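The values are calculated or read from the model by the stated rules, or taken from the named source; none is laboratory data. For clarity, every value in this text was computed on a predicted model and none was experimentally measured. Ideal geometry is used to build each Cβ from the backbone, glycine not excepted, and the neighbour counts take in all protein chains shown. Just so you know, the surface numbers come from the protein's heavy atoms only, side chains and all, with ligands and any DNA or RNA stripped out. Shrake-Rupley method; radii C 1.70, N 1.55, O 1.52, S 1.80 Å.
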Amino acid sequence: MDFKVDFLIIGSGIAGLTYALKVSPYGSVAIVTKKDRIESSTNYAQGGIAAVTSANDSFELHVRDTLTAGDGLCHRDIVELVVHDAPERISELIELGVPFSLREEEDRVSFDLGREGGHSRRRIVHARDLTGQEVERVLAEKVEALPGIKIYEHFIAIDLITRKKLRGSEGMLRGEKDICYGAYVLDTRNHQVHTFTSQATLLATGGTGKVYLYTSNPDISTGDGIAIAYRSGAEIANMEFIQFHPTCLYHPEAKNFLISEAMRGEGGILRLKDGSPFMEKYHPLKDLAPRDVVARAIDAELKRSGDDYILLDITHRDPDFIKNRFPNIYQKCLSFDIDIARMPIPVVPAAHYLCGGILTNKDGESTIERLFACGEVACTGLHGANRLASNSLLEALVFAHRAAQKSIKITKDKNILPASLPSWDTGNAVDSDESVVVSHNWDEIRRLMWNYVGIVRSNKRLARARRRIKLLKNEINSYYWDFIITSDLIELRNIATVADLIIECAIKRKESRGLHFNLNYPDKGGIKCERNTLVRRSRR
Ligand SMILES: Cc1cc2nc3c(=O)[nH]c(=O)nc-3n(C[C@H](O)[C@H](O)[C@H](O)COP(=O)(O)OP(=O)(O)OC[C@H]3O[C@@H](n4cnc5c(N)ncnc54)[C@H](O)[C@@H]3O)c2cc1C
């Protein structure tokens, strides 16, 4: 089937839904999302959103903390823009109905601000430890109430439709920019591929945690938007900067459950299995050191001791405080027989956040005209080499707002769409009778990335990973064209592409900086460091 809309949004997390609400008064909107509408990283965010809202904080301090975490690679203009925009975006969420936690002191009501690693002040606005769930719920409710927005659940975007794709590279004039006209999208319930034509297209597909064996991310985080944009020739940047969250619950049945950094902000202490604390050996801020330092410290301690996990201990705080401040974590741990008010929590690091992604400008525009990218899928210049905790929901809000303003402007100016677009061509593809190939390759990529391209890297490990991933990509590609596509196959092809991009960027960066640590280059590269590590597909 053919769908024609003014605004096509791929993804229904905080970035996609915020953009939808803002463009909706100016045209028809379609949101395609590959699972149920609320299934997103946003829905699992616990800690909150960083914003300057108190009298003892300042924009300068938030900017400084962000730049310090970013380790020399943040774009200062973008950091300033985001930090200054934050209070207004938070006010908008409150107006929409997000119930942020408040505190009352001397007849004055203010935000109950949380503190997280790398922040020099308490500045995290949160809704207890369910911030993301509340934000996602409120945004989804508002979107559902608008008749101009149509949501297509269980629709997975396959690839973009671009001018270059239609004409071929040879058909492009010298210096002519590529334009996005929409996307091919698979309805996973009836296996139909639909053509969505749009004046402006937003990729808001979130992160890439599933590229790694251990991750805090939900199953949807397979880097689809990055792989899709890369295949169309958009520029991709800084893929080597993967943030590993230091504390995911270690339990055989606890899939992807994160123990928020806010717990260390409230006094939680990291200990070895024998109960001894160890962070003072690694950083003056001890348990509140930046995430990369904490993750590497845990990695080093686990490698040294051979243990499977370390402990996060908050038992010295009042049990009522713990239950009230961390109701979600408390209940979840209790369901695994861990009473966090009485016993320390076993934790391990896991892939958590991608700082790189589709290169965008200050209006969320990619290097392809009319293709926007917002949220975790984008590389805006805010995070540099490392993300400051709770700056990502904020980044999604700020750039969804800016991208919406720009999209409204350009779509008002002129209609660029061709009269018709070709339908998806399945060629001679047949139904696959070898699903085992998909599950085997999926598992191999995620192990390979964990073992060779994880928290600590080396030239040898990266070279090995590159050789393996090229072979896997070739195998997956031939399989991809021979068989009728399924969502599993689409995601497998995407995680292979994203793994390849991470390895390529990691090989290009010949230094250790922020989240990228290479044993062969343990120091920063000084003036020779690259500001952005760029990759772009050279031919189609
Ligand atoms: C456990 C956890 C805790 C976190 N805590 C915090 C926190 O406290 N503060 C903070 O700032 N950040 C936090 N983060 C990070 C933050 O939640 C994410 O960066 C942010 O939510 C990303 O929002 P998004 O809209 O870009 O993507 P998501 O919220 O992940 O949404 C992506 C959407 O795209 C859809 N999608 C993906 N691929 C396709 C496709 N091919 N076709 C159609 N749809 C597709 C998905 O189904 C989903 O709807 C946390 C992340 C996790 C995982």
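Rolling a 1.4 Å probe across the protein heavy atoms gives the chain an accessible surface of 40 Å² per residue. Per-residue Karplus couplings for region 337-344, computed as 6.51 cos²θ - 1.76 cosθ + 1.60 with θ equal to phi - 60°, are listed in order as 6, 10, 8, 5, 7, 10, 9, x Hz, Gly and Pro entered as x. Computed from point charges on the beta carbon alone (+1 for Lys and Arg, -1 for Asp and Glu), the dipole magnitude for region 79-234 about its Cα centre is near 800 Debye. Taking Cα centre as origin and charging only the Cβ of basic (Lys, Arg, +1) and acidic (Asp, Glu, -1) residues, the dipole magnitude of region 1-148 rounds to 320 debye.
First compute the accessible area of region 13-164 with a 1.4 Å probe, then give the percent of it belonging to carbon and sulfur atoms. The computed percentage sits at 48. Distance from the alpha carbon centroid of region 146-220 to that of region 500-526 works out to 30 angstrom.
When the Cα positions of THR533, ILE490, SER478 are compared along the charge dipole of region 428-540, THR533 comes out farthest toward the positive end, with charges on each C-beta of Lys, Arg, Asp and Glu. With respect to the cross-link table entries LYS210/LYS323; LYS4/LYS470; LYS34/LYS414; LYS35/LYS255, which display a Cα-Cα separation exceeding 27 Å? Flagged as over cut-off: LYS210/LYS323; LYS4/LYS470; LYS34/LYS414. For region 381-540, the Kirkwood radius over C-alpha pairs fed into Stokes-Einstein at 20 °C and 1.002 mPa s yields D = 112 µm² per second. Excluding same-chain neighbours fewer than eight residues apart, the lysines reachable from LYS510 by a Cα-Cα span under 20 Å are LYS460, LYS524, LYS528. Shown is the FRET efficiency for MET1 and ASN324, computed with R0 = 35 Å from the Cβ-Cβ distance and rounded to the nearest 0.05: 0.10.
Here the 3J(HN,Hα) profile of region 239-245, calculated from phi with Karplus coefficients 6.51, -1.76 and 1.60 at θ = phi - 60°, is 6, 6, 8, 9, 8, 9, 6 Hz, Gly and Pro shown as x. Relative to one another, the C-alpha centroids of region 340-390 and region 61-119 are positioned 16 Å apart. Take each peptide in 453-465, 46-58, count the other Cβ atoms within 10 Å of every residue, and average; sorted highest first, the result is 46-58, 453-465. Scoring 233-242, 139-148, 110-119 by mean Cβ neighbours within 10 Å over their residues and listing the highest first yields 233-242, 110-119, 139-148.
Close amide H pairs (under 5 Å, H built 1.01 Å from N) link PHE483 with VAL430, residues at least 5 positions away or on another chain.
Here is what passes the span test in the chain: the DSSP H helices with alpha carbon length of 24 Å or more along the helix axis and a Kyte-Doolittle mean of -1.0 or above are 76-96, 392-413, 435-452, 487-508.
In sequence order, region 191-196 has phi-based couplings of 6, 8, 9, 9, 9, 9 Hz under the Karplus curve 6.51 cos²θ - 1.76 cosθ + 1.60, θ = phi - 60°, and Gly or Pro positions carry x. Packing here is the average count of other Cβ atoms within 10 Å per residue, and on that basis the peptides 388-397, 187-196, highest first, run 388-397, 187-196.
Computed from point charges on the beta carbon alone (+1 for Lys and Arg, -1 for Asp and Glu), the dipole magnitude for the chain about its Cα centre is near 1920 Debye. Region 410-427 and region 290-316 have Cα centres separated by 51 Å.
For LYS177, the aspartates and glutamates whose Cα falls under 20 Å of its own Cα, not counting residues fewer than eight places away in the same chain, are ASP159, GLU235, ASP363, GLU365, GLU369, ASP413. Counting only protein heavy atoms and a probe of 1.4 Å, the accessible surface of region 247-352 is 50% carbon and sulfur. Full extension of the chain between ASN190 and THR315 yields a length gain of 39.9 nm, computed as 0.36 nm times the residue separation minus the alpha carbon distance. Based on alpha-carbon atoms, the Kirkwood radius and the radius of gyration of the chain give Rg/Rh equal to 0.96. What residue among PHE155, GLY171, LEU130 has its Cα farthest toward the positive end of the dipole of region 24-175, where the charges are +1 on Lys, Arg and -1 on Asp, Glu, each on the Cβ? The Cα lying farthest towards the positive end belongs to GLY171. Put simply, the amide H of GLY114, placed in the peptide plane, has neighbours under 5 Å in ARG123, ILE124, VAL125, HIS126, leaving out anything fewer than 5 places away on its chain.
Computed per residue of the chain from DSSP H runs no shorter than four, each worth -39500 (n - 2.57), the mean residue ellipticity at 222 nm is -11500 deg cm²/dmol. Proximity of backbone amide H atoms, modeled 1.01 Å from N, is registered between ASP178 and GLU369 at under 5 Å, excluding neighbours fewer than 5 places apart on the same chain.
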